[in-house]
Protein chains: 2
Amino acid sequence: MTIREIAKKLGLSITTVSRALDGYPDVSQKTRTLVEKTAKEMGYTPNQAARMLRRKRSDTIGYIIPSTRPRFMDPFYSEFVAGLGDAAVTNALDLLVSSAPADQAVEMQIYRNWVQSRKIDGIVLNRVRIQDKRVQYLFANNMPFVALEFSKDGIDYPRVEVLCETAYQQLIKHIASLGFRRIAFIGGPEALILQFYRFSKYKEALITNGLIYDPNLVVLGDLTSSSGFESTKRLLSIPDPPNAIICINDETGFGAMHAISEAGLIVGKDIAVAGFDGIQNAAFSQPPLTTIDQPVYQIAGMLVDMLAKKIKGQPIQQEKITLEPNLIIRESTTGPMGK
Amino acid sequence: MTIREIAKKLGLSITTVSRALDGYPDVSQKTRTLVEKTAKEMGYTPNQAARMLRRKRSDTIGYIIPSTRPRFMDPFYSEFVAGLGDAAVTNALDLLVSSAPADQAVEMQIYRNWVQSRKIDGIVLNRVRIQDKRVQYLFANNMPFVALEFSKDGIDYPRVEVLCETAYQQLIKHIASLGFRRIAFIGGPEALILQFYRFSKYKEALITNGLIYDPNLVVLGDLTSSSGFESTKRLLSIPDPPNAIICINDETGFGAMHAISEAGLIVGKDIAVAGFDGIQNAAFSQPPLTTIDQPVYQIAGMLVDMLAKKIKGQPIQQEKITLEPNLIIRESTTGPMGK
DNA sequence: TTGTAGGCGTTATCAA
DNA sequence: TTGATAACGCCTACAA
């Protein structure tokens, strides 16, 4: 089924057929409707490869999921990917997905391959790193991209930033009001902007609320629940352990709660725990997890919308969208007196 | 960066360069290493569009996630997609992902577009329907595909089938041994093979275990936790409500547990609940959910491996892989005496 | 062992 | 308003 067959059947030139189908103005109405009808009847769909080759674009965007363990995946990503996928459809884009361990050679390999082979027109990033090779590479190679976080590499791009200052102030105030004053922080890899940013806001919020920042109460994990588990065990074993733990994301929070229960303590009463993300299971965990909720699905949509504009060279209303996430208090921060 | 530039730089013809890079035997060793070295230096990557056009394949496979609610997504899919993605990489394939509401026009639209535009070489399906237009269409159009379930359309394809006979026998035996004898079933849409199959095995297992099959204890939902919630409320409101509920998947099970708690009953003691899938949060829910665990990540990998072979026209050792899933007993089926 | 040339299906330029 | 024709970058008979 090619344009040529339609042309032959109608006794037209392929040029005319092509133009009729692409909606060019210089085609008579009669010809256009005829061509459109025939194309539909014959079940014609333009060959993607030929289009890509000729138009020099693929109408496809890419996203690489940072893979961690073989089997499980942070639900953050399912929500994020769902958001990307749906927004891609509405922007008439396809979504190419791959997965690779963060910050490793394979990962750059995939980016490079996608970019150089012109498989994609743009890329969505998240978990941006402080010195992010991907950002540098994409920028240097002129490949449109957007990201969920800002960068410290002095490179500008359309992005969504989820603030956490207010939320952390509220959270720490809330936790302190319950009487918990040794508030620990389980973060992620130091290379992540996310870690840099949330950690600094955690420290600020401690001070603002008249608490003391104790470096012994900070452990860095890798954003998985098992790392939350391990980190918490470590925190519980120090001489003067914390009575509250703020986790950089919900997954870490699940692991933390697990470790606390296993130590025979009661989450919420003996030790408060909070997460970040607002993934669905945070509401159904044992106990339900206090978290800072960010609209992951919508964020993904915003990113794709911006990326689509960027690709088409259209102006983007807001190059930098900032969002205020929502503190959701649940039973993991009940307080010693319980509800 | 094209093959032509390399050729010009080395004073060779593009043919030779092409053949050297593609590992054809009829190139002198000297030329080959020279070309390879230069290509690497110049950062050459073959243009995907040109390749696709010429080779008439895209080295890309597709998967469409059935979208339900706007925001949340069954973790089954994150695990499945992660498995697809990783296996795609190892098979040197790209993975194109989209999402569409199951069994609706948009969905077929995407399949048709992908197939006819030759964007993909193969497709992975799951949640196969009893009269599945996708299966019929793909088969009719000669597009390689694999699926997680069998089909009743008389069409054969490489697939993975997760048996449930033994698991359901064990599960119902276990539940009955706790004294629960009115065992309900919350299923999915009637059109799904999954529903047809699991439901029939549920019925068989009831009989085998000397229990009575009561149609009033069967409700069909849509595999989401909210449908599990609603279905359970309905079951609890009938004159002679069940004291155990077997859910077609874990998500439904979460909703069921939620509804039971909300009704002031204790999950596990008053009413037993079981799911199917073995998704991660089933272990961390309140209470942890008894489930039939299937290796979703590995299944996805097997499907991609089969699909890759099918695409290349290579023989597939086993056109039909059957797996025996694993019953995992947790506190949601503690029993009235419970610990 | 290397080169010439044609074509994959579209789109874009130019002329009619 | 329409048509002939030349690319896009790669692969592959076929010829040298």
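Any read-out appearing in this document is the output of simple, stated calculations on the displayed coordinates, not a laboratory observation. These numbers were taken from a predicted model, which means no experiment stands behind them. A quick note on method: Cβ atoms are made from the backbone with ideal geometry, for glycine too, and the neighbour counts reach across all protein chains shown.
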Antiparallel DSSP beta bridges within the protein assembly as shown, as percent of all bridges there, nearest 5: 15
Gain upon complete extension [A:ARG54, A:GLU5; 0.36 nm per residue less C-alpha separation]: 15.7 nm
Other copies of B:LYS40: label-to-label distances in nm, shortest first, labels 7 Å along the beta-carbon direction: 5.5
0 to 90° range, to nearest 10: angle between helix A:165-177 axis and chain A longest Cα axis: 30
Shielding score for A:281-292, defined as the mean number of other chain Cβ atoms within 10 Å: 3
The range B:274-289 and the range A:9-82: distance between their alpha carbon centers, rounded to Å: 41
Rounded to 5, the percent of DSSP beta bridges in chain A classed as antiparallel: 10
Amide H within-cut-off set for B:ARG182, under 5 Å, with H built and near neighbours excluded: B:ASN243, B:ALA244
Whole-Hz couplings from phi, Karplus 6.51/-1.76/1.60, listed for the range A:23-29; x for Gly and Pro: x, 5, x, 8, 9, 5, 4
Number of partner chain Cβ atoms within 10 Å, mean per residue of A:107-116: 2
Relative packing of B:139-146, A:83-90, A:236-243, which averages over residues the other C-beta atoms within 10 Å, highest first: A:83-90, B:139-146, A:236-243
Cα centroid of the range B:157-190 to Cα centroid of the range A:124-162, whole Å: 48
Alpha carbon Rg of the protein assembly as shown, scaled by the compact-globule rule 2.2 N^0.38 Å: 1.05
About the Cα centre, charge dipole magnitude for the range A:185-254 (Lys/Arg +1, Asp/Glu -1 at Cβ), debye: 100
Karplus (6.51, -1.76, 1.60) ³J(HN,Hα), θ = phi - 60°, over the range A:102-112, in Hz, Gly and Pro reported as x: 4, 6, 10, 4, 3, 4, 4, 4, 5, 4, 4
Unit charges at the beta carbon, dipole of the range B:215-315: most positive-side option, B:VAL219, B:PRO295, B:LEU265: B:PRO295
Cβ-based net charge around B:ARG112, under 13 Å, with every Lys or Arg adding one and every Asp or Glu removing one: +4
Viscosity 0.890 mPa s, temperature 25 °C, Stokes-Einstein D of the range B:109-154 from Kirkwood C-alpha radius, µm²/s: 228
Average Cα contact separation per residue, the range B:210-281, under 8 Å, 6 or more apart, as relative contact order %: 32
Check: the protein assembly as shown dipole with +1 on Lys, Arg Cβ and -1 on Asp, Glu Cβ, in debye: 2720
Amide H contacts under 5 Å for B:LYS320, placed H, 5+ residues apart: B:ARG159
7 Å along Cα→Cβ, label-point gaps from B:GLN314 to other copies, nm, shortest first: 4.4
Set of lysines near A:LYS133 by C-alpha distance (under 23 Å), chain-local residues within fewer than 8 positions excluded: A:LYS119, A:LYS152, A:LYS310, A:LYS320, B:LYS40
Rounded to the nearest 20 debye, dipole of the range B:97-137 from Cβ charges on Lys, Arg, Asp, Glu: 60
For the range B:1-68, alpha-carbon Rg and Dmax in angstrom: 15.9, 58
Cα gyration tensor, the range A:67-146 - rounded (a/c under 1.5), prolate or oblate: oblate
By average C-beta atoms within 10 angstrom, highest first, the peptides B:21-27, A:244-250, B:325-331: A:244-250, B:325-331, B:21-27
Cα-derived Rg to Rh of the range A:188-339, Kirkwood definition: 1.04
Geometric extent, Cα atoms of the range A:17-174 - Rg, Dmax (angstrom): 20.8, 71
Choice from A:GLU230, A:GLU79, A:GLU262 with maximal GNM fluctuation in chain A (Cα, 10 Å cutoff): A:GLU262
Number of partner chain Cβ atoms within 10 Å, mean per residue of B:261-267: 0
Kirkwood estimate for chain A, i.e. one over the average of 1/r between Cα atoms, Å: 22.4
Amide hydrogen neighbours beyond the local backbone of B:SER67, cut-off 5 Å, H modeled: B:ALA100, B:ALA102
